[in-house]
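The values are calculated or read from the model by the stated rules, or taken from the named source; none is laboratory data. Keep in mind it's a predicted model, so treat the numbers as computed, not measured. Ideal geometry is used to build each Cβ from the backbone, glycine not excepted, and the neighbour counts take in all protein chains shown. Only protein heavy atoms, including side chains, enter the accessible area calculation; ligands, DNA and RNA are left aside. Shrake-Rupley method; radii C 1.70, N 1.55, O 1.52, S 1.80 Å.
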Amino acid sequence: MIRFESVSKRFGDVLAVDDVTLHVPEGELVVLIGPSGCGKTTCLKMINRLVEPSAGRVLVNGRDVAHEDPQALRRGIGYVIQSVGLFPHLSVKQNVQVVPSLLGWPERESARRADELLAAVGLEPATYRDRYPRELSGGQQQRVGVARALAVDPPILLMDEPFGAVDPLTRERLQDEFLELQQRLRKTVVLVTHDIREAVKLADRVCLMNGGRIEQYATPEELLRRPRNRFVRQFVGSDRALTRLSRIRVSAVMESAAALDVRASVEAAEAALATNVSLYVTEDGALVGWLMLPALREAGSVQEGYTPLAPHQALTPSDDVREALSRMLELGVANLPVVERSGRLVGQLGLEDVVTMTAPTEDAPGAAGGA
Amino acid sequence: MRRRTRAWLGFGASLALLGLAFLLFAQQDAWAAVLARLFPQQRTVVFERTSLLALAWQHVAIVGASLGLILAIGLPLGVWLTRASGRPFLALVSSLVSAGQAFPPVAVLALALPFFGFGARPTLIALVAYGLLPVTSNTVAGLRAVPSDLKEAGRGLGMGPGALFWRVEVPLALRTVLAGVRVSAVYTLGTATVAPIIGAGGLGVPIIAGLAVGNLALVLQGAVPVALLAVLTDLALGRLVALAPEA
C-alpha cells in the first residue's frame, strides 16, 4: 500500500532520513516511533508530500507520489495532527467538511457525512456540530480531528502524534476508541508517536527509528521479545515484559472459574468445596462474592456465609493483562474473577497463569539480538 | 451566536447614527443660531460660500477616495510582503511606509505641491501616504500571526495556495486587518482637514478660514462635524472588527 524505497531526506547539512526502505501493508496500523529528531515525522510527511524526499521514492498504491498532484494526493489521504490542527474560525461541522468542500461535494451530502462521522467518533452531532473548537475539551477536539480525516473515507490515514495533547486518562480512552474504529474500518494507518506503550497498544507493526535509520521493523510482540540491538532494548525499556502484557487481553488468557449459586444447599456447597479451596458465588450467573469452607460451616448457609465482592475486585474481559497484574498487586491477591459488564462471571485469572505466559522462551536472558 | 447578533446590531446602529449626523449637517440655520449664541460678538458664525452639508459631502468624498486607494495599495502590499516572493522586501517596505507616516501631512502637502500643483491630487497623495501604514502593517501582522501548524494542517488536508489563503489565512487575519482599516479611516478623516491648504474642499475649509481670521465659530463649524464623523466611523468599524472571527 505504502512503500518507501531507499528514501533519504537532507535538511541543509542534516540527514534527517537515511536510506529508509519500508513497506506498510494494506489495512495495517504501522507506528513510526523513536526519539526526537529520528526522522519519523519527516517520513510521515513524505507520504503526503508535505516533505519531498532528497533521494529515493515513496509509492502509494504502486504509484510514485512525486508524480501525483499534491493537492489531489492529500485529499485522498486522511491527516490527523495534534488538536491544534482544527481551524478555530470554523465550527466542528465545518472543520469536518473541509475536504468534502474542497472536492466540491454538495452541502447536503457533506453535512450528512459530517453528522455520521461525529457520531462514529462518539460526539452527538446535534450537540457538537455547531460548536467551535475552543468550546471543546482536548479529547473532543481530537475526536473531531479524526472525524475530519475520515471525511471522504480515504483508504490511508496519517496520524502525527494524534493523542499527544491530552491527559493520560483521555489518551487511553481515545486509543481504545480508535482501535475499535480501526477494527471496523481497516484503514492503512501510519501513526507517529514517541510513546512505546502507545505503539505497543495500537500497532500491527512498529518501526523503531533512530538517527534517520530504521533500527527494527517488527510486530510489537517481536520487538519486545527479541529486540535486535542495544538501542532497541534500551528504547523499549527494561520493563518490556510488562509492556508486552499490555497487548494481551484478559479474555485471551483467563480460565474457567468454579462457581456456586447463592441458593445452593449447604451439602452441595460442602461437596464443591471439597475439591476447591474457595468458590465464587453467583446469583443468576452474576458474581456476588466468594466462599470458603470455614465461613460456610460457621454461618450454616451459602447465603449467610459468603464474602461480598466490590466491583473493583473483579476484572473485565477487555482489561489488558498488565492492568490485571497491577490490580492483583494492589489487592494482594493471586487470583481475580473476570466479569462481563452485565456482572456475569465468565472466568478467572491467576497470577500463575500470567507468569507462565510471560516466561522467556527463545530469548534467554542476556542473549545478544541478531538480525 | 448572540455575540455576533449584538455586533451586527451595533454596526447597524452606528451606520444609522452616521446618517443622522448628515441630517444634522443639513440644518445650516440651526448651526448658525447655536454658534451665534455662543459667539455673540462674531458677525460671521458659519461659512457662507458653501453649505455645511456640501462641505461634509466633500470631506467624505476625499476621505472615501483616499481610503479606497489606501486599501487598494495597502492590502495587496501587505499580502505580498507575507508571500515567498515579497518576504525579502518586508523590512524595506515597512520602513518606507513608516516614513510616510512620520512626515506630518502638512509637510507632505508642501512637498507634493511643486509636483502635482493645487487641488485634489496632492491631497490624495498626502492622505494615502499618511494612512497606508496601519493597513499595510496590520495586514502583515495579521497574516504572519496565523499559526504555521494550521497552515500545514490546511496543506495536509489538500488545500492549494488559493484555498489556504481564502479559507484559513484571510479569516484568521481579518480581525487584525480590520483593526488597521479602522485606525486608517479615523486618521484620514481627521487629517483631511488640511486639504483646503492646497485648494481641496471639505470640512477643513471653515477651520482654515476661521484660523486665518481668528474666528473660533468658523473653526468649530468645521471641527465639531469632523470629530462627530470620526467618532461614529470608529464606532461602526469597531463593531465590524468584533464581527471578524476570533483567531
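A few remarks follow.
- Test for A:Val333: is it outside any helix (DSSP H, G or I) and touching a Pro at 6+ places or on another chain (Cβ under 8 Å): no
- If only residues of region B:158-169 that are at the interface with chain A (Cβ under 7 Å from one of its Cβ atoms) and surrounded by fewer than 19 Cβ atoms within 10 Å (Cβ to Cβ) are counted, the one that is nearest to the chain's Cα centre (by Cα) is B:Ala163.
- Qualifying positions in region A:247-271 - assigned to a helix (DSSP H, G or I) and either in contact (Cβ under 8 Å) with a residue 60 or more places away in the chain or surrounded by fewer than 18 Cβ atoms within 10 Å (Cβ to Cβ) (or both): A:Val250, A:Ser251, A:Ala252, A:Val253, A:Val266, A:Glu267, A:Ala268, A:Glu270, A:Ala271
- Taking region B:41-157 as the region of interest, the helices (runs of 4 or more DSSP H) fully inside it that hold 2 or more residues being away from every other protein chain (no Cβ under 14 Å), closer than 17 Å to B:Gly190 by Cα and touching a Phe, Trp or Tyr at 6+ places or on another chain (Cβ under 6 Å) are B:52-82, B:120-144.
- In region A:83-136, residue nearest to the other protein chains (Cβ to nearest Cβ) [restricted to those that are surrounded by fewer than 19 Cβ atoms within 10 Å (Cβ to Cβ) and in contact (Cβ under 8 Å) with a residue 60 or more places away in the chain]: A:Val84
- For region A:307-322, filtered to residues that are open to solvent by 50 Å² or more (accessible area, probe 1.4 Å) and without any contact (Cβ under 8 Å) to a residue 60 or more places away in the chain, the residue that is nearest to the chain's Cα centre (by Cα) is A:His312.
- Pick from region A:151-165, criterion more than 12 Å from chain B (Cβ to nearest Cβ) and more than 15 Å from the chain's Cα centre (by Cα), ranking: least open to solvent (accessible area, probe 1.4 Å): A:Ile156
- Counted residues, region B:1-35 - those being over 22 Å from B:Leu232 (Cβ atoms), in a helix (DSSP H, G or I) and without any contact (Cβ under 8 Å) to a residue 12 or more places away in the chain: 3
- Taking the criterion of being open to solvent by 30 Å² or more (accessible area, probe 1.4 Å), in a helix (DSSP H, G or I) and either outside the structural domain of A:Leu123 (by TED's automatic domain parsing) or touching a Gly at 6+ places or on another chain (Cβ under 9 Å) (or both), the residues of region A:60-82 that qualify are A:Pro70, A:Gln71, A:Ala72, A:Arg75.
- Flag for B:Ala227 being in a helix (DSSP H, G or I), open to solvent by less than 10 Å² (accessible area, probe 1.4 Å) and not polar (S, T, N, Q): no
- Among the residues of region A:285-295, those that are out of contact with any strand residue (DSSP E or B) (no Cβ under 6 Å at 6 or more places or on another chain) and in contact (Cβ under 8 Å) with a residue 12 or more places away in the chain comprise A:Leu293, A:Ala295.
- Across region A:225-239, the number of residues qualifying as farther than 19 Å from A:Ala16 by Cβ, at pLDDT 90 or above and open to solvent by less than 70 Å² (accessible area, probe 1.4 Å) comes to 3.
- Residue under evaluation B:Val97, criteria (1) closer than 14 Å to B:Ser184 by Cα; (2) among the aliphatic types (A, V, I, L, M); (3) open to solvent by 20 Å² or more (accessible area, probe 1.4 Å), criterion not met: (3)
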